[in-house]
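The numbers here are math on the coordinates, done by the rules we state, and not lab data. Note that the structure is predicted; figures quoted are calculated from it, not measured. Because the Cβ atoms are built from the backbone with ideal geometry, glycine has one as well, and the counts that use them run over all protein chains shown.
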Amino acid sequence: MAFVSLKAWRVRSAERAAIAAHLKQDLRDALGLGPCDALTVNEIACADPGCPDLETIVLVMREGEPTRALRIRRTMDAVTPEDRAALVVEERQRREAGEP
């Protein structure tokens, strides 16, 4: 197992937080979320066959609606504008259908 210094871990953590914040703001704008709505963006391990080691999970929490979990099968730093557009379309379709 490789040793990771605390300094290196903090730098990487700050970089990941900045990437997540930027993606979160882009998605918040694209989804048209209001001030009472919330959005989280996280990377989690994916054990599904054909899935990368990490995937990006977006939780959309609109006031008065069920929380929707949306996934992008890429790491946060690899998410493309096309991925963001597809996520917005998926969320709108699920919202119109009344699906969580």
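Note the per residue figure in Å³ for the convex hull of the C-alpha positions in the chain.
That works out to 126 Å³ per residue.
In deg cm²/dmol, rounded to 500, what helix-only [θ] at 222 nm does the chain give when every DSSP H run of at least 4 residues adds -39500 (n - 2.57) and the total is split over its residues?
For the chain, the value works out to -15000 deg cm²/dmol.
Cysteines without a disulfide-compatible partner in the chain, using Cβ under 4.7 Å as the rule?
Flagged as lacking a Cys partner: 36.
In debye to the nearest 20, how big a dipole does the chain give about its Cα centre with +1 on each Lys and Arg Cβ and -1 on each Asp and Glu Cβ?
For this selection, approximately 360 debye.
How far is helix 81-97 tilted, in degrees, relative to the longest principal axis of the Cα atoms in the chain, given as a value from 0 to 90 rounded to the nearest 10?
Tilt of helix 81-97: around 40 degrees.
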